[in-house]
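Below you'll find the structure, written out as structure tokens, and then a few comments.
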Amino acid sequence: KMAAAGGAAAAAAPALWSEVNRCGQNGDFARALKSVNKILQINKDDVTALQCKVVCLIQNGNFKEALGVINTHTKVLTSDIIAFEKAYCEYRLNRIESALKTIQSASQQTDKLKELYGQVLYRLERYDDCLAAYRDLIRNSQDEYEEERKTNLSAVVAAQSTWEKVMPEDLGLREATYELCYNSACALIGQGKLNEAMKKLQKAEELCRQSLSEDSDVTEEDIEAELAIIHGQMAYIMQLQGRTEDALQLYNQIIKLKPTDVGLLAVIANNIITINKDQNVFDSKKKVKLTNVEGVEHKLSKKQLQAIEFNKALLAMYTNQADQCRKLSASLQSQSPEHLLPVLIQAAQLCREKQHTKAVALLQDFADQHPASAAEIKLTMAQLKIAQGSVTKACMILRSIEELQHKPGMVSALVTMYSHEEDIDSAIEVFTQAIQWYQQFQVSQSRRDNPKSPVHLSLIREAANFKLKHGRKKEAISDLEELWKQNPKDVHTLAQLISAYSLVDPEKAKVLSKHLPSSDAMSLKVDVDALENSHGATYVRKKAGKLTGDNQQKEQGQGEVKKKKKKKKGKLPKNYDPKVTPDPERWLPMRERSYYRGRKKGKKKDQVGKGTQGSTTAGSSELDASRTASSPPTSPRPGNAAAISAASNVIPPRHQKPAGAPATKKKQQQKKKKGAKGGW
């Protein structure tokens, strides 16, 4: 019976293989897998069946299970047979190093393995090797996948330009697809050619729309989703160009589309955080969640991931999360010990906590351990010292930077700082050391505006001007003489030298003045009319033209009219008495005058009862109880009784209340009391 059962199963095998073949051609790999499993029940070590099972699992996206089958049957599925499938599963499971070892250990390098090898090298960011691999593939392959290989080749060149700052070579690729245009734009961004890159991206967008619109099944939403990465790169260019509002608007539009590419979302979120900086931190805290999505680390390059982590640390600092900031920056420093940013973030956090001394010590330790980065660190230390008010110590730190201490910019900064501290001797010493350094090494670098003037000569001129400004005339004279020897035809230097000698040695000044050119030789051919009519001239002469008879009379009579104009007399007050001397304190307020004694008490009482029966007086409004009850008293102002009465009901705007509110409330309370008494 057992033999009969085995024979029946063996007889069923051909039918099962036919089913596997038919399902494979139809793309129904789930059904094919069931048939393969039945075959393996007949013969568990069937090599072809095991291979088919691995392929079916890969086609269904079950890479982990497929790799498990390969590792379980290593005796049957040797590396020569299943190398590509194993490497591909490892690649899709993001085990890139393992995939590389599997490919390299294969005895025969098939075209499939070479294709996968190029992908693996790109993920490992070994761009030079990757470029060579794709060139070899394009040279030795002729099939329908040539366009895809060229796209991958252009992606490698773009990555080199962006991350390694390598000048990309012209591959001679015809940019007929939007992918090639996009990659070309990325390469241009790496070179800093932003305007050209924007034009390429616009072309890529146009090609993308044309390509996708040809398919009737593709909707507008699908097209926008495909264009999201192109629009994201456009927004990045806008951000680099300083058009942050436009960039922010485009970034937010992409986020609203909810693209499935987690790498794109992470990059956009990071760029929005960089725009927000220390502002709008609530929005930044929401956006940073998009950078923590699972799978982001496999979609971005190492430098992109590093930039995101830096920004997380900075955001923690801006949101006053000191412990989180320290934790992130310490982690970054352990990953990249030679990188500047982690230690700078730590120093910035210490400064926010008012621990400037610790910040300087931290920077000093880093500078001692990493001499290559010492210059940038010391510049930061100097800035901290200036913030503390220790300008002299900041100067000492700057002068310790050997590669920068003789640069014209550094010399200028040091002289300015020493001048601020009134340390003129140290400032002159900085000039002297810089001049000696340039003279010693015979540096031939020249200023752009005057190629014939070496840097050390321009420093001598600046030193001479500085010394003249601070009264060091004799020292300035020696510098000016040196300049004049270098260029005896320089009239400007000669004039400065004569001016300096005139204060110290007038006779020497007279002798030198003989070297000045004559006034005729110095006369300049200047078109006075053109100069007066030029743009920005303070006086522009009117163009001469023919005048009519009336205009001539006006021109001639203009001077007479001006002569006849007289200043109008100021108006005098009505009660002005020329015999009485005006009050010298009349311009001061009444309260500030020396003779002011305050208001006289009882003045209002004297006015009560005066006048005929029934007549009203100026103070009658003040005797009205209904008015005084509803108007809170204010402080009296100087002036007569009528003015006081008129101003007593005015409340300043800042304290103004609804008129009559207190009185009304009081009356309502009185009514309630009366009603209560009546009820009882």
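Okay, here's what the table says:
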quantity: Sequence ranges 294-306, 573-585, ranked by mean other-Cβ count within 10 angstrom, highest first; calculated: 294-306, 573-585
quantity: Only Lys, Arg (+1) and Asp, Glu (-1) charged, at Cβ; the stretch 103-200 dipole about Cα centre in debye; calculated: 240
quantity: Extreme residue, positive dipole direction of the stretch 1-108, given options Val47, Pro14, Gly24 (C-beta unit charges); calculated: Pro14
quantity: Loop sites in the stretch 118-208: trypsin sites (Lys or Arg not before Pro), DSSP, at most 12 other Cβ within 10 Å; calculated: Lys165, Arg174
quantity: Cα gyration tensor shape of the stretch 405-515, rounded if a/c is under 1.5, else prolate or oblate by comparing a/b with b/c; calculated: oblate
quantity: Rough spin-label spacing in nm, given labels placed 7 Å along Cα→Cβ, for Gln335 and Glu353; calculated: 2.2
quantity: Projected area, mean over directions - the stretch 140-198, Cα convex hull, nm²; calculated: 4.2
quantity: Label-point separation, Arg92 to Gln439 (7 Å along Cα→Cβ), nm; calculated: 7.6
quantity: Accessible-area value, Tyr236, 1.4 Å probe, nucleic acids and ligands omitted, Å²; calculated: 80
quantity: Full-extension gain in nm, Ala375 to Lys256, via 0.36 nm per residue minus C-alpha separation; calculated: 38.4 nm
quantity: Potential extension, Gln41-Trp17 segment - 0.36 nm per residue separation minus Cα distance; calculated: 7.3 nm
quantity: Label-point separation in nm, Glu146 to Ser419, each point 7 Å along Cα→Cβ; calculated: 6.8
quantity: Mean Cα-pair separation over length for the stretch 1-108, i.e. relative contact order, pairs under 8 Å, 6 or more apart, %; calculated: 17
quantity: Charge dipole (debye, nearest 20) of the stretch 1-108; +1 at Cβ of Lys and Arg, -1 at Cβ of Asp and Glu; calculated: 240
quantity: Relative contact order [Cα under 8 Å, 6+ residues apart], the stretch 405-515, whole percent; calculated: 15
quantity: The stretch 20-172, accessible surface, carbon-and-sulfur percent (1.4 angstrom probe); calculated: 45
quantity: Peptides ranked, highest mean first, by Cβ atoms within 10 Å: ranges 75-82, 429-436; calculated: 429-436, 75-82
quantity: Among Gln306, Gln333, Gln349 - extreme Cα towards positive end, dipole of the stretch 304-385, charges at beta-carbon; calculated: Gln349
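The values are calculated or read from the model by the stated rules, or taken from the named source; none is laboratory data. Note that the structure is predicted; figures quoted are calculated from it, not measured. Note that we place each Cβ from the backbone using ideal geometry, even for glycine, and neighbour counts take in every protein chain shown. With ligands, DNA and RNA removed, areas are computed over all heavy atoms of the protein, side chains included. Shrake-Rupley method; radii C 1.70, N 1.55, O 1.52, S 1.80 Å.
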